[in-house]
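Right, one structure below, let's go through it.
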Amino acid sequence: MDVLVERPGALDVHKESVTACVRVPREGVRVQEVREFKTTVRGLLALHDWLAELGVTRVAMEATGVYWKPVWAILEADFELLLCNAAHVKNVPGRKTDVGDSQWLCRLLECGLLRASFVPPKPVRELRELTRRRKTLVRDRQREAGRLHKTLEDTGIKLDCVATDILGVSGRLMLEALIGGERDPAALAGLAKGRLRVKHSALIEAFEGVRFGPQNALLIGGILRHIDFLDAEIEALSTSIETHIAAHSEPARDADQAGADAGTVRPFELATQLMCSLPGIQHRTAQTLIGEFGIDMSRFPSDKHFVSWAAQCPGNHESAGKRRSGRTRKGPQHLNTALNDAAMGAIRVKDGHFARKYRRVKARSCHGVALGAVKHSLLIAIYHMLTTGELYRPPTPNPEAEQRQRERTTRRLVAQLEKLGNVVTLQTATPTATATAQAAVSP
């Protein structure tokens, strides 16, 4: 095959060692060199110097867990790096060795047969670490709140049946009093604040006959301290995320003032504002999305490529001219979770574009497919907003399309009634007839 990369390098990365293979021209022939380095900083710097000495321009490596990250950090400034999916570059079975893997990867890179995975710039990767950590802590806090509910059920306390949030101001005061030794239902109910005070008798009943011993006090006290710790950590991470976004938005803002291309220089703050113009996307979700795919859409040739990378489009499985399955493939897990949150918020907007799309698809499919269609539409909108720098403008409703949809619904319902043995006669409803029918139905 033709040689497309004159001096390629390939790395087989492990926890303790890196096997490197380089192919270079020498005296009219292609020469292959293989060396092994440690994954310590000293070893990776030696790898960097060895690759630079041989004049390597491109370096490929497999995405091996998190072990590729320190290698990437050392080499990304001076080499063109390609992170490859291990499933796409699998070697012939029976020939699996570290040296063989690096040699095979190097040959593929030499012939231009490797497709690089998307690795966002360093500021985006740093933001991603912060947003993913915050999401993990929020999930842990939800689990601790669930454990608190279970522990209170063991003691016979039905506080969650009266108070909407047992971790609010009133709930925390009552729980702290229980831990402190207070057992009088009237005294505990007297700690209620705000609108919860009108439920005084229900609170007394919720605390009567409780079985709250020292063991329960120890468990609930530990849960509350853990929740307070998680709240403080989440707040610290949120502050750090805001600082990170502001710090990396300043150079972009200065560049825009100096006359730089606004399509290529996109500050994080502007991208957050653009995403928040979409129904269903709040500030935290926008930050999470930016941390997953960044703000530069030039990496993706079109919105279709962007949606395909996010695995929010139908898959392809065709053989012998037959389409076997269109199941959506597995994509970035954290991105899918954030899109789920955004889509669930978007479909709750009354008479919104995404809510109408959800209802239209769900009528002929199921909730999962309809939600996937909404996520697909959200990603397309985000792609164009980040590309053009314009706020979201909901599409204008099409009266003709809505009329056709009503006609299709009418025909479908009439067919169902006729199938049940009924004779259906349709009559156009008038405002007077509608009011009369509603009055006849109402008790």
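Annotations for the structure displayed:
- Cα shape, segment 48-129, gyration tensor, a/c 1.5 rule: oblate
- Farthest toward positive dipole pole in the chain [+1 Lys/Arg, -1 Asp/Glu at C-beta], among Leu413, Val99, Ile166: Leu413
- Size of charge dipole - the chain - debye, nearest 20, with Cβ of Lys, Arg +1 and Asp, Glu -1, no other charges: 2120
- Here is how the number arises for the chain: DSSP H runs of 4 or more residues each give -39500 (n - 2.57), the sum is divided by the residue count, and the result at 222 nm is -17500 deg cm²/dmol.
- Here the 3J(HN,Hα) profile of segment 235-245, calculated from phi with Karplus coefficients 6.51, -1.76 and 1.60 at θ = phi - 60°, is 5, 5, 5, 4, 5, 5, 5, 4, 5, 4, 5 Hz, Gly and Pro shown as x.
- Integer Hz, Karplus 6.51/-1.76/1.60 couplings in order for segment 117-124, x for Gly and Pro: 7, 6, 10, x, x, 4, x, 5
- Burial order of peptide ranges 135-141, 348-354, 58-64 (average beta-carbon count within 10 Å, highest first): 58-64, 135-141, 348-354
- Springs between Cα atoms under 10 Å define the GNM used for the chain, and in it the highest mean-square fluctuation of Ile290, Ile179, Ile281 occurs at Ile179.
- Along the axis of the charge dipole computed for the chain (Cβ charges of +1 for Lys and Arg, -1 for Asp and Glu, origin at the Cα centre), the listed residues Ala271, Leu152, Val423 are led at the positive end by Val423.
- In terms of its C-alpha gyration tensor, the chain has an oblate overall shape, because the principal axis ratio a/c (a ≥ b ≥ c, square roots of the eigenvalues) is not below 1.5 and a/b does not outweigh b/c.
- Largest GNM mean-square fluctuation among Glu233, Glu407, Glu176, using the chain with Cα springs under 10 Å: Glu407.
- Rounded, prolate or oblate (a/c below 1.5 giving rounded, otherwise prolate when a/b exceeds b/c) for segment 16-92 by Cα gyration tensor: oblate
- Count Lys and Arg as plus one, Asp and Glu as minus one, and take only other residues whose Cβ is under 12 Å from that of Ala177; the net charge is then -1.
- Taking packing as the residue-averaged number of other Cβ atoms within 10 angstrom, the listed peptides 183-195, 103-115, 28-40, 300-312 run from highest to lowest as 103-115, 300-312, 183-195, 28-40.
- Distant-in-sequence amide contacts of Cys84, defined by a placed amide H-H separation under 5 Å and a gap of 5 or more residues or a different chain, comprise Met61, Glu62, Ala63, Ser117.
- For segment 133-139, 3J(HN,Hα) computed residue by residue from phi via the Karplus equation (6.51, -1.76, 1.60; θ = phi - 60°) reads 5, 5, 4, 5, 5, 4, 5 Hz, glycine and proline entered as x.
- Cysteines (scope the chain) whose Cβ has no counterpart Cys Cβ under 4.7 Å: Cys84, Cys111, Cys161, Cys276, Cys313, Cys366
Every number here is computed from the coordinates shown, using simple stated rules; none is lab data. Quantities reported herein were computed from a predicted structural model and do not represent experimental measurements. FYI the Cβ positions are ideal-geometry reconstructions off the backbone, even for glycines, and counts take in every protein chain you see.
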